[in-house]
Number of protein chains: 2
Amino acid sequence: MGTQKEIARRAGVSVSVVSAVINGTKHTRMSDETRARVEAVIEELGYVPNDAARALRRQRSGTIAVVVEKIENPIYRDMFHGIYDAAEARGWAVVLGDARWMRSGSHFLARLLGQGSIDGIILRSEGLVDDEVVAHLRARPTPVIMVEGRHGLDGRWLAIDDAAAGRVATQHLIDLGHRQIEFAGGERWVPTVERHRGYADAMRDAGLEPRDAIRTGYGSQAGTEALTQIIASRRRPTALVVNNVLSGLGLYAAAHDAGIAIPDDLSVVAIHDADIADDLRPPLATVRMPMAELGARAVEAIAAILEDQSTRFGLVDDPAPVLLPRASTAPPPSSPRPW
Amino acid sequence: MGTQKEIARRAGVSVSVVSAVINGTKHTRMSDETRARVEAVIEELGYVPNDAARALRRQRSGTIAVVVEKIENPIYRDMFHGIYDAAEARGWAVVLGDARWMRSGSHFLARLLGQGSIDGIILRSEGLVDDEVVAHLRARPTPVIMVEGRHGLDGRWLAIDDAAAGRVATQHLIDLGHRQIEFAGGERWVPTVERHRGYADAMRDAGLEPRDAIRTGYGSQAGTEALTQIIASRRRPTALVVNNVLSGLGLYAAAHDAGIAIPDDLSVVAIHDADIADDLRPPLATVRMPMAELGARAVEAIAAILEDQSTRFGLVDDPAPVLLPRASTAPPPSSPRPW
DNA sequence: CTGAAAGCGCTTACAG
DNA sequence: CTGAAAGCGCTTACAG
């Protein structure tokens, strides 16, 4: 370990030279011999810079935080990847956290909001963060980019094109010949509202009557709730668009329990792709979203803010959402079985 | 924002007093009136301490990092929770990261290993971390606790009682009357080896002949591979213990594809519980492990090391693994269908 | 081309 | 009981 001071002493130079060798700064007008001597001592001691001292001096930590609501949700995988790659390219480290930890008074929150250890925050929350925490976020200079949610602080939000995703999913079902198509996903969360809007647009364009969204909670339970509500109603759609892969999982379970066959009785498409879609039986058709690009854009937005440059917020619509067909969809039954 | 210096100026006191007010230190022999004035200015400015300066001065950041291999694996949920709670109780913030980011030269790794920003690391890896990175880990003073893996650096590892889990899972199947029971999970990773050992012990205790583990990869694919191998063999077990819930998911898919009914043809128990076990059909019987306790113990171990106290490493066996029965198991078929 | 010095914002031992 | 000062380890403007 050791410090630059110690290296300087051992190499017989000043700390300015040591710092220059480490950082490759212009101060670098030193003889090759001096540089080599310094590098040898650095190697010998296994010197590593003290990040706290650096951050204090540079007024920048080189670390950004990503906070999401349920970190185990598989849909984040690509986003994390996109964020990580973009951050590494800029020389930043990424740390992850769970939105459930953002409680007023938590040390996690203190670290996020304190000066010095986190340069920027990428936040994805379905609304869990309470008003007091939001007030803190607003009061601090640390830039916060909201992803997948259109209520970004100071308009700083980025989202995928959820309406397009809803449209793509619905269009696929229309193309298969379905006319009784519904959408499940609740209305509280903005992306869901957008997806439902895309569903409704596709329906209208095809001369079909869109229905209100089937309001549900989130997670796998949403799928279960959706089917329960449908069964309780007099409606018998032949196809369903659900909010995400986990909802699809819950829907599969409920369909199994109710003796409803997928896709023979009911076709299903889920927004968002994830590995597990391939492991379900039947494999679940999904809409792949540009999550990696969303993550990369969020990193760029933080960089722009820190450098006082302007940046474009809003929709990340390239590449466009694309349907990944799998066996959970089929043409509607010619003579529907009653269920 | 502002600094203590600015607060001191506005409140007409010295920075020592400001610091004392903020930290509640003994220096605290100040009049109530002084304290109130300082607090008012702190409030007014929305002052937040600079963590980098603190970390530099205290030689401690108050942040620990948790690095796991596939952060979206649902089995980590409870462990993260246990870590978070224990860390908060100690006044520490927790940050998460993915083991795939621990590449030599990555800025993420630099932040982990550098002095100043991370006080300790909890690492869970199936072996992804390459030798060069391990060498770095060893060379730095930052304590690293290996969880679920018995090759901890300097013997600093903690693991759940995988052998007991294997035993519990197997015993449940034996109790149901199964005699042809197999274990799937590969042999590369130590916990799997332990689970297989527990399986073998339970079998022997029941006077049954344990079989070698069916070697597979990891993740959902493991379940698929296991069934493929069984089908290719002449063996027809009536029950199977799989390494985790994701493997169970893959096994379900493979069983469906092969026309094998669970549990009628084949009973299944998975090590590790996760929410999705309830969403599968049939719901998947699992063994719940003390993951939250494992996480809490890892935090305590870091604390002990930092405080130069001794601490106990090894197995976290309280509470013991417990079987959560679900519909994926049943007595063996009286007259097995051929498959 | 290289070194001495200031200062980032904090905590704390010390002097008064 | 309170203030002035040192120092954590770094970077960088400045002097030589």
Those residues of the range B:60-83 which are over 19 Å from A:L112 (Cβ atoms), within 9 Å of chain A (Cβ to nearest Cβ) and either among the charged types (D, E, K, R) or without any contact (Cβ under 8 Å) to a residue 60 or more places away in the chain (or both), in sequence order: B:K70, B:E72, B:R77
Filtered residue count, the range A:96-128, keeping only those that are part of a helix (DSSP H, G or I) and at the interface with chain B (Cβ under 10 Å from one of its Cβ atoms): 9
Any hit, the range A:57-74, residues being on the phi > 0 side of the Ramachandran plot and of a type outside the set (V, I, T): yes
Number of positions in the range B:77-95 that are within 16 Å of DNA strand C (Cβ to nearest atom) and assigned to a strand (DSSP E or B): 1
Complete set of residues in the range A:277-292 that are surrounded by fewer than 20 Cβ atoms within 10 Å (Cβ to Cβ), within 11 Å of chain B (Cβ to nearest Cβ) and outside any loop (DSSP other than H, G, I, E, B): A:D278
Candidate set: the range A:112-159, residues that are over 19 Å from the mean Cα position of the chain (by Cα) and touching a residue at least 60 places away in the same chain (Cβ under 8 Å); chosen: the one surrounded by the most Cβ atoms within 10 Å (Cβ to Cβ): A:S117
All positions within the range B:293-319 that are part of a helix (DSSP H, G or I) and among the small types (G, A, S): B:G295, B:A296, B:A298, B:A301, B:A303, B:A304
Matching helices (runs of 4 or more DSSP H) fully within the range B:150-255 where at least 2 residues are polar (S, T, N, Q): B:162-175, B:220-232
One residue from A:V15, A:V48, A:V21 being within 8 Å of DNA strand D (Cβ to nearest atom), surrounded by 12 or more Cβ atoms within 10 Å (Cβ to Cβ), more than 10 Å from every other protein chain (Cβ to nearest Cβ) and closer than 30 Å to A:L306 by Cβ: A:V15
Condition check for A:R57: more than 7 Å from every other protein chain (Cβ to nearest Cβ) and away from DNA strand C (no atom under 16 Å from the Cβ): no
Some residue of the range B:272-281 being at pLDDT 95 or above, over 28 Å from B:Y84 (Cα atoms) and not charged (D, E, K, R): yes
Lone qualifier among B:A86, B:A93 - being more than 7 Å from chain A (Cβ to nearest Cβ) and of a type in the set (A, V, I, L, M): B:A86
Flag for A:S104 being surrounded by fewer than 20 Cβ atoms within 10 Å (Cβ to Cβ), among the hydroxyl-bearing types (S, T, Y), outside the structural domain of A:S19 (by TED's automatic domain parsing) and more than 19 Å from the chain's Cα centre (by Cα): yes
Top-ranked residue of the range A:160-206 - restricted to ones that are basic (K, R) and closer than 26 Å to A:G82 by Cα, ranked as surrounded by the fewest Cβ atoms within 10 Å (Cβ to Cβ): A:R167
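Condition check ((1) surrounded by 14 or more Cβ atoms within 10 Å (Cβ to Cβ); (2) touching a strand residue (DSSP E or B) at 6+ places or on another chain (Cβ under 6 Å)) across all residues:
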position	(1), (2)
A:G295	yes, no
A:T311	yes, no
A:P319	no, no
A:P325	no, yes
A:P331	yes, no
Residue in the range B:257-276 that is assigned to a helix (DSSP H, G or I), more than 21 Å from A:I276 (Cβ to Cβ) and either within 14 Å of another protein chain (Cβ to nearest Cβ) or free of Cβ contacts under 8 Å to residues at least 12 places away in the same chain (or both) present: no
So B:I181, is it modelled with pLDDT of 95 or more, touching a Ser or Thr at 6+ places or on another chain (Cβ under 7 Å) and within 14 Å of chain A (Cβ to nearest Cβ): no
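The values are calculated or read from the model by the stated rules, or taken from the named source; none is laboratory data. Quick caveat, the model's predicted, so the values are computed rather than measured. Note that we place each Cβ from the backbone using ideal geometry, even for glycine, and neighbour counts take in every protein chain shown.
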